[in-house]
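Undergrad: Below you will find the structure I want to go over with you.
The values are calculated or read from the model by the stated rules, or taken from the named source; none is laboratory data. Given the structure is predicted, the values throughout are model-derived calculations rather than measurements. Don't worry about glycine lacking a Cβ; one is built from the backbone with ideal geometry, like all the others, and counts go over all protein chains shown. Calculation scope for accessible area: heavy atoms of the full protein, side chains included, ligands and nucleic acids excluded. Shrake-Rupley method; radii C 1.70, N 1.55, O 1.52, S 1.80 Å.
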Amino acid sequence: MSDDLRLSRRLLLAGGAGLTGTALGLGGTRAASDPPAPSVPADTGAVQGERVVFPNWRDSGDAPPPPPPAPMPPSERVGFAIVGLGRLSLEEILPAFGEAKKAKPVALMSGSPEKAKLTAAQYGIPADAIYAYDQWDRLKANPAVRAVYIVTPNGLHRDNVLAAAAAGKHVLCEKPMANSSAEAQEMIEACNKAGVKLMIAYRCQYEPFNREVVRLARSGEFGRVKMVEAFNGQTTALPEQWRLRKALAGGGALPDIGLYCLNGVRALLGEEPVTIQAQIVTPENDPRFKEVEESVAFTLRFPSGVIAQCGTSYGVHESRELRVHTTGGSLNLHNAFAYRGQRLTVAHREGGHVQRDEPVLTPKNQFALELDHMAACILTDRRPRTPGEEGLQDMILMEAIYAAARSGQPVTVGPLAGTGQGADATRGPALEEGK
């Protein structure tokens, strides 16, 4: 090591320049004439409640940085059992627990013991917390499990939710809620009777970019919303997959991915449609679509006068778009219904020209957000933002879409019985800003 390198290293270890040779020497004694030792910087942060808070070190030209995460201690987080170990569970949901702050995986339920054993080892789940689908009584006796996340095929949701409610566990259920509105109603009643919470996993309602579109549309900042366009499409293959079997899926593109358009528009406006028109097109002699539809287009008309044109398909290149047209601008959300990659642009008049802005938001894991929301509702005894009633209304409206397509005539619909036409009638309390 050179003499210059040694001196630089000593300066760094001693706290920087301004120290005499005595301070840097073998004795390590600070001379009386030396400046005082540096004090602790003002920006090291301080504990406020359960969070470490830093002062904003940015100047007015930059946005302040977000606060550091404030995860709960692992022992205090809500334990979830994941029911079903398909692609969504293994590729998205279980990894999302690594970003969750209030939830943790503590049990697995699967029809594949080998897959469950491997997954449990990967996530530190005890071997005795692995259950088969007929072992709800064993799961009931596990106090570490406070909630279950149902991630089985749609046609199994009803039975799984009823079993979870009977076991006294709170329920987070994947969308679509069920195969019919009758099943959805039964699920709500079972959870109410058991005194457990039921939340439907509408992840987009928790995702930051989707929430910002809702905020801007409802704020009136760019005038009244007049029209909405929503499209969610992708290709599908593997004819033997469960999504192409009506008994397990309930339908084709509509309940699987078209539901995001339907629910997204309802959440955006906070009101319920009054009429629905629809068309379904399915290619002939395609073995994939013997039981379910390929493509659906549907139009929703709302009491405020807004018209929403929605479309979904299993036969197109992946496209997941949401566009909101107002009297003074337009909001365009690219990858609106995707797991990641959202991008928002806002067009509006600025003086004598059209301005196009691109708000920069901090991306967050949608699955972690919904898991933490469910956990928070359990911990604080609060109704979820997307409860069973939200899923039930979508089931009723999808049945109306199918009916409109069959008849070729508009179908009259309205708010969920018992809720009225008030804003967000099927939803729980509004989400806190930034959470």
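Undergrad: Each label point is 7 Å from the Cα along the Cα-to-Cβ direction; what then is the distance between the points at residue 140 and residue 238, in nm?
TA: For residue 140 paired with residue 238, the spin-label model returns 3.4 nm.
Undergrad: Carbon and sulfur together cover what percent of the accessible area of the stretch 341-435 at a 1.4 Å probe radius? Write out the running numbers ahead of the final one.
TA: Values: 2470 of 4720 Å².
C and S atoms contribute 52 percent here.
Undergrad: Give the accessible surface of the stretch 168-275 per residue, rounded to a whole number of Å², with probe radius 1.4 Å and ligands, DNA and RNA excluded.
TA: Result: 34 Å² of accessible area for each residue.
Undergrad: Name the shape class, rounded, prolate or oblate, that the alpha-carbon gyration tensor gives for the stretch 81-149, where a ≥ b ≥ c are the square roots of its eigenvalues, rounded holds for a/c under 1.5, and otherwise prolate holds if a/b is larger than b/c and oblate otherwise. Write out the running numbers ahead of the final one.
TA: On the way: a/c = 1.65, a/b = 1.19, b/c = 1.39.
Cα axes put the stretch 81-149 in the oblate bin.
Undergrad: Still on this model: Is the C-alpha gyration tensor of the stretch 286-381 telling us rounded, prolate or oblate? Criteria: a/c under 1.5 is rounded; beyond that, a/b larger than b/c is prolate, otherwise oblate.
TA: Working: a/c = 1.73, a/b = 1.11, b/c = 1.55.
Oblate, since a/c reaches 1.5 and b/c is not below a/b.
Undergrad: Would you indicate which of (1) 21.7, 77; (2) 26.8, 95; (3) 28.3, 86 is the value of Rg and Dmax of the Cα atoms in Å derived from the coordinates of this structure?
TA: (2)
Undergrad: Shifting gears a bit: Ignoring ligands, DNA and RNA, what accessible area per residue does the stretch 349-435 give at 1.4 Å, in Å²?
TA: Ligands and nucleic acids excluded, the figure is 51 Å² per residue.
Undergrad: Summarise the accessible area of the stretch 149-285 (1.4 Å probe, protein heavy atoms) by the percent that is carbon and sulfur.
TA: Ligands and nucleic acids excluded, carbon and sulfur give 50 percent.
Undergrad: Among the chymotrypsin sites (Phe, Trp or Tyr not before Pro) in the stretch 54-101, which ones are in a DSSP loop with at most 11 other Cβ atoms within 10 Å of the Cβ? Mind listing them?
TA: Listed in order of number, the matching sites are 57.
Undergrad: If the only charges are +1 at each Lys and Arg Cβ and -1 at each Asp and Glu Cβ, what is the size of the charge dipole of the chain around the Cα centre, to the nearest 20 debye? If you can, show how the numbers build up before the last one.
TA: Numbers: 47 positive and 48 negative charges, 108 e Å.
For this selection, approximately 520 debye.
Undergrad: With a 10 Å radius around each residue's Cβ, average the other Cβ atoms per peptide and rank 276-289, 377-390, 165-178, highest first.
TA: The peptides rank, most packed first, as 165-178, 377-390, 276-289.
Undergrad: Who wins for biggest fluctuation among 138, 51, 218 in a Gaussian network model of the chain, springs between alpha carbons below 10 Å?
TA: Ranking 138, 51, 218 by mean-square fluctuation puts 51 first.
Undergrad: Could you list, by residue number, the cysteines of the chain that have no other cysteine's beta carbon within less than 4.7 Å of their beta carbon?
TA: By the Cβ distance rule, which asks for a partner under 4.7 Å, the isolated cysteines are 173, 191, 204, 377.
Undergrad: Could you order the peptides 302-314, 345-357, 143-155 from most to least packed, using the average number of other C-beta atoms within 10 Å per residue? Provide the component values of the computation, followed by the final result.
TA: Working: 302-314: 19.8, 345-357: 11.7, 143-155: 21.4.
Ranking the peptides 302-314, 345-357, 143-155 by packing returns 143-155, 302-314, 345-357.
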